[in-house]
Amino acid sequence: MTVDDTIVFIVDDDEALREALGELLEANGVRSVLFQSAGDYIGADKPDLPACLLLDIELPDINGLDLQRQIARDDHPPIVFITGHGDIPSSVRAIKHGAVDFLTKPFSDTALLAAINAAIAQDRETRAKRAELTLLKQRYHELSPRERDVLPLVVSGLLNKQAAAELGISEVTLQIHRRNVMQKMAASSLADLVRIAERLEIPIQHSRRMGGI
Amino acid sequence: MIAALHRTPPAMIFVMLALGLAACWSAGTPIGILAPLGALFLYARGYWLLSLWGGLLVALAGAVLAAMLYPGAIRDASRSLAALATVAGCIGLLLAPYPLRRSSRLAAMGRQAAGQPDGLAGDMDSVPEGAVHPDDRPAIAHAAAYAFWTGVPQVTSYRLREPDGSYRWTELRAEPGYGVSVDVDAMVSRPDDRWTVAESLGETVQAVQAAKVIESLHGKAWAFDAIGKFTYVTPAAQIAIDMALEDLNRRLGEREFIDGGEVGWMRGVHPDDVDGAAATLRHCLKTGEPWNIEYRMLRATGHYVWHRISARPTRDGEGRITGWFGTSIDIDVYKKTEAALREREKHLEQLIDTVPAMIWSMSAEGRPIYLNRRIMEVTGATLDTVKASDGSLSLKKMIHPNFWELAEKTFARSVATGAPYDIKYLQHRAGGTYRWTQTRAEPLCDEAGKIIRWYGVSVDIHDLITTQTELNLRKQELTRLIDLVPSFLWRLTPTGAPNFFNRRFIDFLGIDDGDLEQSRTERYAAALKVAIHPDDASRVWAEIKDCLSSGRPYAMRYRLRRHDGVYRWMDGRAEPLLDDDGGIIQWYGLSHDIDDQLRVEEALRESEQSLRQLVETLPALIYCAAPNGEPIYRSEKLGEFLGFGLGDKDAEGRTRLTGTLEAIIHPDDLPDVKERYGHSLATGAPYAMKHRLRRADGEYRWVETRTAAMKNAEGEIVQWNGICFEIEDQVRAQEALTLTQERLARAAQAASLAELSASIAHEVNQPLAAVVANSHACQRWLTSDPPNLERAQKTIERIIRDANSAADVVGRVRALFRQTDQARNLCPLDAILHEARDLMMEEAVRRRMRIEVEVEAGLPSLELDRIQIQQVLVNLIRNGLEAMEPARRGVLRVRTLRAGEFVRTEVRDTGAGIGAPDKVFEPFFSTKSHGMGMGLAISRTIIESHGGRLWAEDNQPSGATFIFTLPAEAKADHDR
């Protein structure tokens, strides 16, 4: 674990606990940023690093769970909840919505650091996946319109002849497009292209069976 | 014959003329002219006679001259004419004496017989010619002729034959146009030895004889000789003047009288007259002319008395004066009468000139002939200015042009008809102005009724006219006033008979002016009698009768029928006019139509009545105060509440306001009330205050008083109107509520144990978590290589701080739990319900929501912890209100009813409802942003500890219902 390439966002209204957590993380070589409320967190400029959000459920402006729901659509760091009550419904709900852990005060440093590390690891992985997808999308955008037409047909498993007929073009032309797609999408094989298409959530429009009709 | 002719002179002349002309014509000579000439001589007198004579002489002379100068026929004619004239002259001489007799006949017929009533002679013409003694005829004829020709009055005496043949002496006084005959024969002479006759009468025998004749007339007769020496004086005369003959003739100087000397008789003549008398006598003595004179003679009594003296000479055959005889007549009375008459005439003239009236006269034809001095002075007119060029009356310069026509018409008519006239016009004044003048004129008629003259008088009536005009104007004004004044004025006699109604009253009653059969009073009385409303009549007449007899002023209200049959209310008043003795002369009255006023008053009264009823029935205490705060009105309720009247607390040295306030306000509130009420009175600001008010029974009750100023159009405060509510119950309820709230607050702390424990855990966990975290951090700093002691030290300080904070929390919690538990009591649930409702009412109103509570009647009391159940109710109600919050409106219904062995209470809201009716009771379940999710959990714990149940149901279409049951039968539950 290196201090520089990760960060922990702490959101707690209790100043004493906030400082104590910051101190503890700093003592363990983890960089942290402290926020007093959910509003402060949302409005702040956050570095683009693998991170973890340490979130108290009872906050002065909005509930921690509500904040979780609010930022769910965005790319946000994995959340570790901390609470004084630790009631079951809240923890269940938090976990359901993707919280990494739900810690009840007081908690040990081991539990805290483990949760944080897990969260950061998860974030790192998420970030890697997100980077790969971004690359694939970029490649996909470089395809010509005809190539974009060709791609779903190819990954659907249609024969060249079928696909060419589908598009109303010659088989030869289709093959040229297919080679170009493979090349542009950096797919080593058809299987690889299928996997990529799956990642890009390109719908499979025609099955071979359908084409048989 | 002559006497008969005398009576018809014109006929005589005409007859003579006719005879003469006939004679001339038949004889061919002018001799016939003699007849008319003779007739003319018979009747001509005075200057006419002279002219006749003159004419005759001129004709004679002319004829003689012509006869001498011309020969022939002319001479013959002239000769005959001269003869004719001579014959005519002879006839004239024959007839000439008659004029005296004519004049005597025309004289007044008065008698002057020196006190003797009988023996009236009448005039000479009325007695036979032969009645006068033959010896006296020449003397009478002479005296008459003399008087006629000279105009000097003559006195002659003659003897008049009585019917028995005897003669009586009569004295005739002849004046021109005037003659008196007096019978003096009866006067008796009284011989006296002292009075003597001259020894030698000498040549005066005849005179003396004459004098004696006179003496026998009992007159003062005398005779003297040719040189004026008295030879005889009647004894009576001597006595009267107290002078004997020798006294009269005594020479007082050297010279004889005739030579200008003074003699004795002259002493008896008034000094003013003596010279004239002597001179004339001397003249007469020298010339022989009769001596006629009037002078004052000294009587023996010492008085000067006027006498008329007449003396005539007696002559011998050669015409030489032989002596004189004379008489003196006492004419003092006559003289003085004449003087008095003159005086009176003068006085009259002065009177006419000075009397303050303008007097004038004019002839029968209307020509002005006289203007008195005053008319000339006042009008500046003279006879010339009022005369037209032809001498007739011209008023153009006298009167105002506006009246010319009228004046001329009136004047012309009067002159024509002889009717007196009376006219008023503006007459010119010397100053150039015009003034009102009244002129009256009446004619003076003779016996035959012929107008002789018009006499007129003009009186200045300008001031009168002006005053009258002014009076008329004033009267008109007064009449108009009386008729126009919008009231009915009337007048009664002392007996009560109406004798005057003004025009309005007459019109109102519709009295017909045309009905003249009855007198005005009767008509008025009849009209009035039927006009008074039958219901009022007896009352009115009784009152009038009473007033008439007692004389006290009359005032009544009654109905009077108008001419159209409508009865109108009247306010009648009358007062008597008294004379100096206090007797009633008239009653003057006024009736005013107050019908409209009464209606308005009635409406006002009704309106006021209804307002008053409104005020009195309002469930509030109402009062009014003057602008200075003095109480002026109190509603009955307030009066009853306070138990005393408006003025009952008045006392010396303080205002009614102060007195009232001190009496009714609780002593503790009094300063505050005074200050704030005073402030309102000073500034006009509305006043509102809650204080204690003393009730009549002495108990102080809480009231809320509000007072506001009533202002007029100008914004000035007219009155303060106030209202006072009794809020005793409200205040008491508020107090109870406050108590409950306090208790509840305490109870709430105690009751929410479970919730508190969770809260405490949170409170304690927070610092505890910090302590743990800091401890780990510290451990980490200490175990690092090299150990970071500085940071370790810092974390340890934080650990101490947070640990202390945790200890504080524990301390607070301990303090919280000191509340003692309360035992369960038997309580009515509805009371608790209402308390809870009241507690939450304020919050509901703030949220604009309503709480409806429905409690089934006859619910049993339950054994329960009042505070805990109240807590549950409050909790449920608050939850319901909060659930309805988004709608900002709604009704929360709380219903309690019996359900078998339980009493069931439902709290129903119209909010969004609840997704999981069971989950809400789990601890830490909350749909609210702030809630901890403990309320329902605790509530359920409480209810269950009471042996009941609490659950929730969703409503259709919206909202939720929380229901709890409590066992109806009290069960011992020691499970607390």
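The values are calculated or read from the model by the stated rules, or taken from the named source; none is laboratory data. The model shown is predicted, which means the values in this text are computed figures rather than measured ones. Backbone-built Cβ (ideal geometry, glycine too); neighbour counts: all protein chains shown.
A few notes on this one:
- Those residues of the stretch B:626-667 which are under 20 Å from B:ALA709 (Cα atoms) and among the aromatic types (Phe, Trp, Tyr), in sequence order: B:TYR633
- Flag for A:PRO89 being within 14 Å of another protein chain (Cβ to nearest Cβ), touching a Phe, Trp or Tyr at 6+ places or on another chain (Cβ under 8 Å) and not hydroxyl-bearing (Ser, Thr, Tyr): yes
- Contact map, the stretch A:23-40: first residue in contact (Cβ under 8 Å) with a residue 12 or more places away in the chain, second residue surrounded by fewer than 17 Cβ atoms within 10 Å (Cβ to Cβ), Cβ cut-off under 6 Å, separation 6 or more or different chains; pairs are A:GLY29/A:VAL3; A:ARG31/A:VAL3; A:SER37/A:PRO60; A:SER37/A:ASP61; A:ALA38/A:ASP61; A:ALA38/A:ILE62; A:GLY39/A:ASP61.
- Residue in the stretch B:462-472 that is more than 30 Å from B:ASN502 (Cβ to Cβ) and either outside the structural domain of B:ARG503 (by TED's automatic domain parsing) or surrounded by 13 or more Cβ atoms within 10 Å (Cβ to Cβ) (or both) present: yes
- Residue match in the stretch B:879-886 (condition: in the same structural domain as B:LEU859 (by TED's automatic domain parsing), at pLDDT below 80 and more than 26 Å from A:ASP87 (Cβ to Cβ)): no
- Here A:LYS105 fulfils each of the conditions (1) under 27 Å from B:ARG791 (Cα atoms); (2) free of Cβ contacts under 8 Å to residues at least 60 places away in the same chain; (3) not aliphatic (A, V, I, L, M) apart from (2).
- Entry remark, the stretch B:443-482: residues being of a type in the set (D, E, K, R) and assigned to a loop (DSSP other than H, G, I, E, B) number 3 in total.
- Scanning the stretch B:832-859 for residues being in a helix (DSSP H, G or I), at pLDDT 85 or above and surrounded by fewer than 18 Cβ atoms within 10 Å (Cβ to Cβ) gives a total of 1.
- Residue that is basic (Lys, Arg), within 27 Å of A:GLY22 (Cβ to Cβ) and either within 14 Å of chain B (Cβ to nearest Cβ) or assigned to a helix (DSSP H, G or I) (or both), where the choices are A:ARG146, A:ARG130, A:ARG124: A:ARG124
- Scanning the stretch B:772-783 for residues that are among the hydrophobic types (A, V, I, L, M, F, W, C), more than 7 Å from chain A (Cβ to nearest Cβ) and surrounded by fewer than 24 Cβ atoms within 10 Å (Cβ to Cβ) gives a single hit, B:LEU782.
- Residue-level check: of (1) touching a Leu at 6+ places or on another chain (Cβ under 9 Å); (2) modelled with pLDDT under 85, B:HIS930 misses just (1).
- Taking the conditions (1) within 14 Å of another protein chain (Cβ to nearest Cβ); (2) assigned to a helix (DSSP H, G or I); (3) modelled with pLDDT of 85 or more in turn, A:ILE82 satisfies each one other than (2).
- Residue that is assigned by TED's automatic domain parsing to the domain that holds B:PHE224 and either touching a Leu at 6+ places or on another chain (Cβ under 8 Å) or loosely packed, with under 12 Cβ neighbours inside 10 Å (or both), where the choices are B:VAL274, B:VAL269: B:VAL269
- When the stretch A:92-112 is filtered for residues that are within 22 Å of the chain's Cα centre (by Cα) and either crowded, with 20+ Cβ neighbours inside 10 Å or in a helix (DSSP H, G or I) (or both), the ones remaining, listed by number, are A:VAL92, A:ARG93, A:ALA94, A:ILE95, A:LYS96, A:ALA99, A:VAL100, A:ASP101, A:PHE102.
Table: residues versus (1) at the interface with chain B (Cβ under 9 Å from one of its Cβ atoms); (2) within 21 Å of B:CYS778 (Cα to Cα).
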| position | (1), (2) |
| --- | --- |
| A:VAL33 | no, yes |
| A:ALA44 | no, no |
| A:GLU58 | yes, no |
| A:ALA111 | no, yes |
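- Selection over the stretch B:294-321 of residues that are surrounded by fewer than 19 Cβ atoms within 10 Å (Cβ to Cβ), of a type in the set (Val, Ile, Thr) and either within 60 Å of the chain's Cα centre (by Cα) or under 26 Å from B:VAL205 (Cα atoms) (or both) gives a count of 0.
- Residues located in the stretch B:605-657, provided they are touching a strand residue (DSSP E or B) at 6+ places or on another chain (Cβ under 8 Å) and in a strand (DSSP E or B): B:LEU621, B:ILE622, B:TYR623, B:CYS624, B:ALA625, B:PRO631, B:ILE632, B:TYR633, B:ARG634
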